[in-house]
Amino acid sequence: MFLPSNILFTIDATMGGWELFKNSLLPMILGGIQYTIPLTLIAFTVGLLFALLLAIMRLSKSAFLRAPSIAIVSAVRGTPLLVQLFIVFYGLPSLDVTIDPFPSAVIAFSINVAAYASEIIRASILSISKGQWEAAYTIGMTQNTALRRIILPQATRVSVPPLSNTFISLVKDTSLASLILVTELFRKAQEIAAVTYDFMLIYIEAAFLYWVVCFLLSLVQQAIETRLERHISS
């Protein structure tokens, strides 16, 4: 998954302006394709699965289940993502647990997504009227069956917009992975800037690429929301 070692050979300190922009575009795009996008997709998917578990635990009547979920969400939401990233990559080796940069980033981002998304899912479940639960019980459904077949499908429609925003935010947050040596889009920008010393142009170019990705994702989000609104109105 690493870029070829000679990918920067076409970039040197004498370049500037449009020539530097053109030559630096491909390495940053490749960094995005190889690391930024996969990191976002994997971390969001894993985080979403844990978020659902945390949300269900938080809604449980059992204090044995609620307490750890509350503690986890509070700890993660109350600490910076960068600190969490450093704990996983730089802190765990002191406990004889060494994890490579990319898996470390996946773990840290997944945990962060899980904490925030769990509150979104929990709020979405609570937004469904109690009448839906009562109707499910009336036809003989158990609590688990009602949750799975009646409540969660409706809660999913409610949670799509805020979860989409979380996903878009995650795309931008992956730039922090450059600090633990993951060669994603921003890391490539740093490498190029270190060679050319044209920090302004390179970082603006990186910001532009992030904006393009987030803009395209926002269009997808709008399309999904429009489709869901049509489904609800029908």
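The values are calculated or read from the model by the stated rules, or taken from the named source; none is laboratory data. Bear in mind that the values here come from a model prediction, so they are computed numbers and not experimental data. Using ideal geometry, Cβ is built from the backbone for each residue, glycine included, and neighbour counts are taken over all protein chains shown.
When residue 211 is tested against (1) surrounded by fewer than 18 Cβ atoms within 10 Å (Cβ to Cβ); (2) at pLDDT below 90; (3) within 22 Å of residue 113 (Cβ to Cβ), just one condition goes unmet, and that condition is (2). Just one residue in the set 201, 219 is surrounded by fewer than 14 Cβ atoms within 10 Å (Cβ to Cβ) and modelled with pLDDT of 85 or more; that residue is 219. Close contacts from the range 30-58, counting a first residue that is at negative phi and a second that is among the charged types (D, E, K, R) and not in a helix (DSSP H, G or I), with Cβ to Cβ under 7 Å and a gap of 6+ residues or different chains, come to 31/184; 32/184; 35/184; 36/184; 39/184.
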